[in-house]
Amino acid sequence: MEIKIAVVDDLSEDREQMIGQIHEFFSRHDEHHLILHSFSSSEEFLADEARHTFHAVFLDIFMNGMTGIELGKQLREENPILAIVFVTSSPDMYSAAAPLGMFDYIEKPFEPNRINALLDRLIAYLLMIGKRAEQTVCIRIPRSKVQLRLSEIICVLSNDHITEVYSVNRGMIQSNMRYSEVADLLKNDERFIECNRGVLANMEHIVSMTDNVSMSNGLILPLKVRSRAKLLNLFSGFSTERMREY
């Protein structure tokens, strides 16, 4: 498997140490092909035309110019499944990093065993994402059917008795299936949660959840008031603890 990683840190010594540790790990896992790039600032990373192709990004939090937290927020909005690893000399920024759905949070100076364990989980996570991307459902539309990967379904809405399925590659699809029929196809997958009556969201495509739900395609979905605390806990657990299992 090809694995593309970026390291963004404005301290050259820390950057080179992380690069060396990642190279050392993959030298013992040559069944995977590592592509590793390094950047000395958030701005340099954003200027790279290939920045959307990375599977994981290691971000120093305290950098001159755009901070790692600011860059992480932008990256999460662009890519809901990107593995974002925050690296910092302080434990105090954990509360600011956690809502961004981070893959991990590493304090400097980092131990080699800590990085090795993280990279083991990263490989497992990417393999899992690849398998999930292959799972599909068949959605009926007028006079035809369309096959959608679960990973590309952003949300499903019931709008005036019309079922709307929003996807990454096809935009909005109007289905002649009932909302409940589509929901039944998806409800056993842990990524999908019902935010409100007739509103089903894929948590991989949720950018933020507060009083409402912001999706990766720009849609703002209503959040059921009475279930708000439960839904916030579900999303928080999905975006942090689920990744930590891999």
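The values are calculated or read from the model by the stated rules, or taken from the named source; none is laboratory data. Since we're looking at a predicted model, the values are computed, not measured. For neighbour counting, all protein chains shown are included, and Cβ atoms are generated from backbone atoms with ideal geometry for every residue, glycine included.
Within region 30-48, take every residue that is closer than 21 Å to Leu126 by Cβ and surrounded by fewer than 13 Cβ atoms within 10 Å (Cβ to Cβ) and give me the one that is modelled with the lowest pLDDT.
Across region 30-48, the extreme among qualifying residues is Asp30.
Listed residues Glu78, Glu134; which is modelled with pLDDT under 85, of a type in the set (Asp, Glu) and in contact with a strand residue (DSSP E or B) (Cβ under 8 Å, 6 or more places away or on another chain)?
Of the residues listed, the single one that is modelled with pLDDT under 85, of a type in the set (Asp, Glu) and in contact with a strand residue (DSSP E or B) (Cβ under 8 Å, 6 or more places away or on another chain) is Glu134.
Out of the residues in region 76-99 that are crowded, with 23+ Cβ neighbours inside 10 Å and not β-branched (Val, Ile, Thr), state the one that is farthest from Met203 (Cα to Cα).
Phe86
Tell me which strands (runs of 3 or more DSSP E) are completely within region 126-195 and hold 1 or more residues being closer than 15 Å to Ser216 by Cα and hydroxyl-bearing (Ser, Thr, Tyr), or say none if there are none.
Here the list reads 162-167.
Considering only residues that are closer than 23 Å to Glu2 by Cβ, in contact with a helix residue (DSSP H, G or I) (Cβ under 7 Å, 6 or more places away or on another chain) and aliphatic (A, V, I, L, M), which ones fall in region 46-79?
Of everything in region 46-79, those that are closer than 23 Å to Glu2 by Cβ, in contact with a helix residue (DSSP H, G or I) (Cβ under 7 Å, 6 or more places away or on another chain) and aliphatic (A, V, I, L, M) turn out to be Ala56, Val57, Leu59.
Mind telling me which of the residues Val225, Val207, Val168 ends up being of a type in the set (A, V, I, L, M), more than 24 Å from Ile141 (Cα to Cα) and surrounded by fewer than 17 Cβ atoms within 10 Å (Cβ to Cβ)?
Going through Val225, Val207, Val168 in turn, just one is of a type in the set (A, V, I, L, M), more than 24 Å from Ile141 (Cα to Cα) and surrounded by fewer than 17 Cβ atoms within 10 Å (Cβ to Cβ): Val225.
Restricting attention to region 171-194, and to residues there that are more than 23 Å from Met209 (Cα to Cα) and among the hydroxyl-bearing types (Ser, Thr, Tyr), which single residue is surrounded by the most Cβ atoms within 10 Å (Cβ to Cβ)?
Ser175
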